[in-house]
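Asks: I'd like to ask some things about the structure below.
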Amino acid sequence: MWGQSVSVRRLAAIITAALALGFGGVALAQGTPVPIDPELLEKIRKSNAECYSCHTEAAVQKPPRTDMDLTKLRTLLLEEADFKPSGHGRMECKTCHGASYAVFPHAEGARAKISPCEECHAAKVMKVETQYHASVHLKEKISKFTCQSCHDPHLFNIAAKLGSPKVIVAQDNGMCLDCHQSEERYRTMAPADKKRPDLERIHKWLPNARLHWTAVRCIDCHTPATKVLSHEVLNKDKAERNCVTCHSRESSLRTRLYRHLVAAEQEQMGFANSVILSNSYVIGATRNPVVDWTIIGLGLATAGGMLGHGALRIVLALLRRRGK
Ligand code: HEC
Ligand code: HEC
Ligand code: HEC
Ligand code: HEC
Ligand code: HEC
Ligand code: HEC
Ligand code: HEC
């Protein structure tokens with residue numbers, strides 16, 4: 001009986017969540033969050049405070065109980081200040097975590113019962129999954145990869161809400177770097193014989209790669225340039241390496257990293273050039289002549305290299321013919 005009433009409650013919570021999501025989607029598109037009934041908010045706050053009473057730094061410093069494994073708890077902290085501004089920040093922990101965590105010690109097998117993303121985002125998950133099945137991460141069918149491998153459900157925010165390109169870049173690149181720059185984490189996902197590529201070395205062709213990683217996203221080069229963000233991560237043969245794709249007035253970043261800014265500016269002013277000009281370096285719209293010359297120089301060097309190579313071959317061929 002008890003189990004049944006719990007699952008009915010859980011179902012109700014999911015329906016509420018789904019409704020909120022429906023309205024949430026509309027509201028997000030307009031840039032303002034849906035107001036939530038203050039009474040409901042207070043209920044959520046109280047419920048989440050139970051979890052925060054143990055799962056925060058403050059609680060580890062001053063444990064509310066003596067029978068807790070503090071070493072383990074230290075690795076499981078979530079501060080209210082971090083959770084609240086996230087995409088899920090207005091939800092009750094128990095909506096995803098279920099009733100198994102409402103008691104302490106937490107119930108056996110509670111972890112397996114945490115709601116998967118598709119329980120609430122079925123349509124989105126399906127669309128994402130189709131793209132993501134074509135991505136490099138699934139080519140070896142390592143199905144260990146899940147949405148959570150990249151998205152921390154407690155911290156993630158969509159780009160439209162973050163606004164500032166620097167903040168978006170920091171969040172989104174953090175997802176990739178947390179794994180690609182951690183031997184330990186990478187190993188948990190990689191096939192046994194796979195060596196972790198050295199990101200610095202592999203992006204050497206890109207001047208100042210570190211600066212690029214704070215200004216542009218991995219996915220801006222490693223996914224196809226579609227109107228809406230794609231989850232198809234591309235390998236080295238298909239990734240973007242053409243400087244002008246970004247460093248030009250018709251920068252591909254208009255439909256990628258700056259998409260939300262461009263949309264907002266277009267709505268307000270009917271044009272969107274200042275976003276591009278103020279955020280990324282555009283050849284000709286001179287902000288830094290050194291960069292112009294670097295890019296022009298690299299272009300010339302490539303063209304020069306090709307011409308020189310061609311000329312050398314002609315000369316050699318002539319010499320060979322003469323030798324005969
Ligand atoms: C009385 C303190 C306390 C409260 C209250 C508490 N937890 Fe925990 N929780 C812990 C401790 C200690 C651990 C780690 C050791 C363990 O599992 O015994 C833990 C572990 C966890 C884990 C990881 C366990 C696993 O299966 O991997 C999750 C998830 C979790 N808690 C979620 C929650 C949520 C959600 C709430 C609120 C509904 C909550 N906890 C309330 C103390 C607490
Ligand atoms: C949208 C769903 C959702 C909400 C809301 C949510 N969580 Fe979680 N939580 C998850 C999922 C999914 C995991 C498992 C992540 C994984 O497997 O990497 C998780 C894992 C955890 C863990 C274990 C982390 C670890 O590294 O093992 C803790 C602790 C936790 N949640 C606490 C909370 C607390 C406290 C709240 C509310 C303030 C909360 N969660 C709200 C979905 C959610
Ligand atoms: C229990 C239901 C539930 C689960 C499970 C859940 N979400 Fe959500 N999610 C929501 C709700 C509700 C919102 C809208 C919150 C708001 O607008 O305040 C949301 C918002 C989001 C958003 C931002 C808004 C948007 O329109 O895209 C993203 C991204 C997201 N969820 C991804 C995930 C991922 C990834 C997982 C799995 C780790 C997950 N969700 C699991 C209910 C859920
Ligand atoms: C390889 C890493 C990775 C994996 C795996 C992944 N995502 Fe994402 N996802 C991202 C990045 C990066 C973004 C970009 C954030 C943005 O710009 O809003 C994103 C954005 C999103 C968005 C917001 C899209 C938008 O148009 O604003 C949703 C929703 C989402 N992911 C859901 C999922 C779901 C569901 C899964 C699992 C089926 C998943 N993701 C798996 C990296 C990943
Ligand atoms: C949880 C760990 C993890 C995360 C997060 C992750 N990756 Fe990976 N990535 C891997 C592993 C492991 C491989 C090797 C897969 C294989 O060979 O089967 C890989 C392969 C790749 C490859 C192909 C390179 C190769 O060696 O075959 C690219 C490109 C790539 N990832 C980019 C990204 C980007 C961009 C993101 C963020 C949106 C990201 N990854 C997030 C673990 C991760
Ligand atoms: C300016 C575009 C650009 C950016 C930004 C970028 N990459 Fe790359 N990446 C490339 C290109 C092009 C290659 C192929 C290089 C080669 O073949 O020499 C590559 C190669 C890789 C590889 C090896 C791929 C393989 O198939 O072996 C990985 C892994 C990778 N990138 C991950 C990342 C991660 C993680 C980030 C973000 C921190 C990132 N990249 C940012 C363009 C980019
Ligand atoms: C995916 C888009 C993208 C690609 C591809 C790209 N860049 Fe960039 N690049 C940027 C962004 C964004 C910045 C940061 C602009 C800023 O903050 O002023 C930047 C910055 C730079 C800077 C430093 C500018 C400064 O103000 O200090 C140089 C130099 C540069 N890029 C050269 C190149 C070259 C050469 C290539 C091709 C090999 C290239 N970039 C490819 C997006 C890109």
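The values are calculated or read from the model by the stated rules, or taken from the named source; none is laboratory data. None of the values given here were measured: they were computed from a predicted structure. Note: ideal-geometry Cβ built from the backbone for every residue, glycine included; neighbour counts use all protein chains shown. The area values use the complete protein model at the heavy-atom level, side chains included, leaving out ligands, DNA and RNA. Shrake-Rupley method; radii C 1.70, N 1.55, O 1.52, S 1.80 Å.
Asks: Does the range 225-249 hold any residues that are assigned to a loop (DSSP other than H, G, I, E, B), more than 18 Å from H180 (Cα to Cα) and either more than 16 Å from ligand 4 (Cβ to nearest atom) or open to solvent by less than 40 Å² (accessible area, probe 1.4 Å) (or both), and which are they?
Replies: Within the range 225-249, S230, D237, R241, N242, H247, S248, R249 qualify.
Asks: Now for a separate question. Yes or no: the range 33-45 includes at least one residue that is modelled with pLDDT under 95, under 30 Å from Q268 (Cα atoms), under 26 Å from the mean Cα position of the chain (by Cα) and surrounded by fewer than 10 Cβ atoms within 10 Å (Cβ to Cβ).
Replies: Checked against the condition, which is being modelled with pLDDT under 95, under 30 Å from Q268 (Cα atoms), under 26 Å from the mean Cα position of the chain (by Cα) and surrounded by fewer than 10 Cβ atoms within 10 Å (Cβ to Cβ), the range 33-45 yields no hits at all.
Asks: OK, next. Mind checking which pairs have a first residue in the range 46-68 that is over 14 Å from F83 (Cβ atoms) and a second that is acidic (D, E) and more than 16 Å from ligand 4 (Cβ to nearest atom), Cβ under 9 Å, 6 or more apart or different chains?
Replies: Pairs that qualify, where the first residue is over 14 Å from F83 (Cβ atoms) and the partner is acidic (D, E) and more than 16 Å from ligand 4 (Cβ to nearest atom), are A58/E79.
Asks: Kindly indicate which of H133, H203 is farther than 30 Å from D82 by Cα, away from ligand 2 (no atom under 16 Å from the Cβ) and crowded, with 16+ Cβ neighbours inside 10 Å.
Replies: Being farther than 30 Å from D82 by Cα, away from ligand 2 (no atom under 16 Å from the Cβ) and crowded, with 16+ Cβ neighbours inside 10 Å holds for just one of H133, H203, which is H203.
Asks: Identify, please: which residue in the range 136-173 is in a helix (DSSP H, G or I) and open to solvent by 80 Å² or more (accessible area, probe 1.4 Å) and is, among those, nearest to C93 (Cα to Cα)?
Replies: Q148
Asks: Looking for something more than 8 Å from ligand 1 (Cβ to nearest atom), open to solvent by 70 Å² or more (accessible area, probe 1.4 Å), modelled with pLDDT of 95 or more and farther than 16 Å from H154 by Cα - is there at least one such residue anywhere in the range 64-86?
Replies: Yes.
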